[in-house]
Amino acid sequence: MAATLLAPGTPAPDFTLHATPDQTVALSELRGRPVILAFYPADWSPVCGDQMALYNEILPEFHGYGAELLGISVDGVWCHAAFARDRKIHFPLLADFEPKGAVARRYGAYREHDGTTERALFVLDADGVIRWSYCSPVGVNPGADGILRALDELTGRTAGARS
Amino acid sequence: MSGGLTPPVGPDDHAAGPAGAPVTLVEYGDFECPYCGQAYPIVTALQERLGDRLRFVFRNFPLKESHPHAEHAAEVAEAAGASGLFWEMHDTLYEHQRALTDARLLEYAEAIGLDPRAVARDLESGTWADRVRQDFRGGIRSGVNGTPTFFINGERFDGAWNDPGEFLAALTQASS
């Protein structure tokens, strides 16, 4: 059974997670701009790689909205570091590693029997409120069209009107 | 979650096959992507099989971070397209997708009858970069989630393109 994600209108639970062995990212530090949270099941598995690689290519579009992108999985920091280096990932990959999946659970994005996060997307507004969420079948890369539509609505822009 | 192909196929697209064909297959592809390379002979076989019932459209989706030569390859294909030689370049690139340095791209341009110096100038000044970016952005909006991504009559095909039987069945169903 699919997890029940936190719904739009819910304040996004704050968290602090390691992005690298000696750096952490706190969600509250990003207040003031839209934030995209991309929970994904694992580094290295083919579909995830494609999803994170895709978002890496689309990063300039996200930044065009002033938005920050955070990838989150239960993989540890060293695993993320190797994965990010291999795929030349230019955004933070956060380790929801200890206690395992604690942040994903608070977002309703944990797969209990698999011990991984769901493939779940959240778009938060500048005040840290969830404005859009989507849970993809775990084997399907959800692409980025839903994220961009949510950012369009958030920023009052119409699709394709950006320069 | 795909909202369908945005923008729809139009006069600016590179299309092979009749505009009135009952099935239009759109590929968002990257010339350096090995999966797109695998898809190339499969699509060619489908084109032969379906003949005038199929129109095939190619749009650029270069994954520049993963494939360092993909952007220039896409721009060279667009340069060829401006001279009516898009498909000649498309086929050449997929048949040589492990050799896509700028020097090789210019050799391919010359081999199909383009002036390599003009193509070199186009690459230098990024003449076709906007066109490629436009394809890429349209792809994101359409729900492209990797390469290759196919659309059959405007709907994303999430089946197995690498299963020729399944791919053919989807196209045949769309044509009826």
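A few remarks follow.
- Think of a 1.4 Å ball rolled over the protein heavy atoms: segment B:14-175 then has 42 Å² of accessible area per residue.
- The mean number of Cβ atoms from other chains found within 10 Å of a Cβ in peptide B:135-145 is 5, as a whole number.
- Beta bridges per DSSP, both residues in segment B:14-175: antiparallel share near 60 percent.
- Signed unit charges on C-beta, dipole axis of chain B, positive-most listed residue B:His67, B:Thr147, B:Ala174: B:Ala174
- Apportionment of accessible area to carbon and sulfur, segment A:31-155, percent (1.4 Å): 55 percent
- A Stokes-Einstein calculation at 4 °C with viscosity 1.567 mPa s, built on the Kirkwood radius of the protein assembly as shown over Cα pairs, returns a diffusion coefficient of 61 µm²/s.
- Dividing the summed -39500 (n - 2.57) terms of all DSSP H runs of n ≥ 4 by the residue count of chain A sets its mean residue ellipticity at 222 nm at -8500 deg cm²/dmol.
- With a 10 Å cut-off around each Cβ of B:64-70, the average count of Cβ atoms from other chains is 3.
- Neighbouring Cβ atoms from other chains, within 10 Å of the Cβ of residues in A:67-76, number 0 on average.
- Chains A and B together bury some 1800 Å² of accessible area, summed over both sides, with a 1.4 Å probe.
- Threshold 50 Å², segment B:1-41 residues less accessible with all protein chains present than alone (1.4 Å probe): B:Met1
- Accessible area per residue in Å² at 1.4 Å probe, computed on segment A:1-157: 41 Å²
- For chain A, the residue among A:Ala12, A:Met52, A:Trp132 whose Cα projects farthest onto the positive side of the dipole built from Cβ charges is A:Trp132.
- Each Lys and Arg adds +1 at its Cβ and each Asp and Glu adds -1 at its Cβ; summed about the Cα centre, the protein assembly as shown shows a dipole of about 680 debye.
- Carbon and sulfur %, accessible surface of segment B:14-175 computed with the full protein complex present, 1.4 Å: 48 percent
- Among beta bridges that DSSP assigns inside the protein assembly as shown, antiparallel share in %, nearest 5: 65 percent
- Ellipticity estimate at 222 nm from DSSP helix runs (n ≥ 4, -39,500 (n - 2.57)) divided over chain B, nearest 500: -15500 deg cm²/dmol
- Nearest-20 debye value, segment A:31-155 charge dipole, Cβ charges on Lys, Arg, Asp, Glu: 180 debye
- Only one residue of B:Leu123, A:Gly71, B:Ala160 has its Cα farthest out toward the positive end of the dipole of the protein assembly as shown, where Lys and Arg carry +1 and Asp and Glu -1 on Cβ, and that residue is A:Gly71.
The values are calculated or read from the model by the stated rules, or taken from the named source; none is laboratory data. Here the structure is a predicted model, which is why all the values come from computation and not from measurement. Don't worry about glycine lacking a Cβ; one is built from the backbone with ideal geometry, like all the others, and counts go over all protein chains shown. Just the protein is used for accessible areas: all its heavy atoms, side chains included, with ligands, DNA and RNA removed. Shrake-Rupley method; radii C 1.70, N 1.55, O 1.52, S 1.80 Å.
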